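A.B. asks: Below is one structure. I have some questions about it.
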Amino acid sequence: MWKSPNGTIRNILNGNVFREPIICRNIPQLVPGWTKPICIGRHAFGDQYRATDAVIKGPGKLKLVFEGKEEQVELEVFNFTGAGGVALSMYNTDESIHAFADASMATAYEKKWPLYLSTKNNILKKYDGMFKDIFQEVYEAGWKPNLKLPAYGMSTALSMTW
């Protein structure tokens, strides 16, 4: 099966995709409290765009294996006992996450807007946690003097990069 052409383009761009609204005075805002534009940044490298999925037929063990130069890791993912199901494996790279963090902070800096990072690291603790950790690392290493990262909710009426 062919990989997504959009995903291929996103991978060439290292997964950095930013979307901004086109504001028309005669079209009502979807969220009335948001009176200023919001720029949404998406990291579209790896993840589901380059994931490998499979249909599992029948009982058996699903394992994830990493064969590195220094170490080998084998994780049992699930033990299928019934008719089977589906499986998914996805990945990302530190380099791509660093590039996304830097691009996000550069966009916020250029626009003079605050930056928010949303993750689901309470579910995917290591996967999304890596995004959170790398964003913090990139911020501390070079952007801290130039950016203010607010810690308040989404009911604000300011422009933002998210």
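A.B. asks: Karplus couplings for segment 53-63 from phi (6.51 cos²θ - 1.76 cosθ + 1.60, θ = phi - 60°), rounded to Hz, Gly and Pro as x?
C.D. replies: 10, 8, 8, 9, 10, x, x, x, 9, 9, 10
A.B. asks: Let me ask you something else. Would you please give the residues with an amide H less than 5 Å from that of F78, counting only those at least 5 places away or on a separate chain, with H modeled from the backbone geometry?
C.D. replies: L62
A.B. asks: What ratio of Cα Rg to 2.2 N^0.38 Å holds for segment 1-133?
C.D. replies: Working: Rg = 19.4 Å, N = 133, 2.2 N^0.38 = 14.1 Å.
For segment 1-133, the normalised Cα radius of gyration is 1.37.
A.B. asks: List the chymotrypsin sites (Phe, Trp or Tyr not before Pro) within segment 1-94 that DSSP assigns to loop and that have no more than 15 neighbouring Cβ atoms inside 10 Å. Please list the in-between numbers first.
C.D. replies: Working: sites: W2, F18, W34, F45, Y49, F66, F78, F80, Y91; in loops: W2, W34, F45, Y91.
Answer in residue order: W2, Y91.
A.B. asks: In addition: For I56, what residues show an amide H to amide H distance below 5 Å, using hydrogens built from the backbone and excluding near sequence neighbours?
C.D. replies: Counting only residues 5 or more places away or on other chains, the set is G85, V86, A87.
A.B. asks: Just to confirm a number: summing +1 for Lys and Arg and -1 for Asp and Glu over residues other than F80 whose beta-carbon lies under 10 angstrom from that of F80, what do you get?
C.D. replies: Numbers: positive: K57, K61; negative: none.
Here the charged neighbours net out to +2.
A.B. asks: What's the exposure ranking of L88, L13, going from fewest to most Cβ atoms within 10 Å?
C.D. replies: Working: L88 10, L13 13.
Listing L88, L13 from fewest to most nearby Cβ atoms yields L88, L13.
A.B. asks: Of G129, G85, G41, which has the largest mean-square fluctuation in a 10 Å C-alpha GNM of the chain?
C.D. replies: Greatest mean-square fluctuation among the candidates belongs to G85.
A.B. asks: Quick one: among A44, A101, A87, which has the greatest mean-square fluctuation in a GNM of the chain with alpha-carbon springs under 10 angstrom?
C.D. replies: In the Gaussian network model the winner is A87.
A.B. asks: How far apart, in nanometres, would the label points at T93 and I23 be if each is projected 7 angstrom from Cα along the Cα-to-Cβ direction?
C.D. replies: It works out to 3.8 nm between the two label points.
A.B. asks: So how tilted is helix 127-138 from the main axis of the chain? Cα-based, degrees 0 to 90, rounded to 10.
C.D. replies: Between helix and principal axis, roughly 40 degrees.
A.B. asks: A further question follows. When the helix-only estimate is applied to the chain (DSSP H runs of n ≥ 4, each -39,500 (n - 2.57), divided by the residue count), what is the mean residue ellipticity at 222 nm, nearest 500 deg cm²/dmol?
C.D. replies: Numbers: 3 runs with 38 residues, N = 162.
Mean residue ellipticity at 222 nm (helix-derived): -7500 deg cm²/dmol.
A.B. asks: Evaluate the distance, in nm, between pseudo-label points positioned 7 Å from the Cα of F66 and of Y109 along their respective Cα→Cβ axes.
C.D. replies: 3.0 nm
Computed from the coordinates by the stated procedures, all read-outs in this text should not be read as laboratory data. In this text, all values refer to a predicted model and were calculated from it rather than measured experimentally. Here the Cβ is made from the backbone with ideal geometry for all residues, glycine too, and neighbour counts use every protein chain on show.
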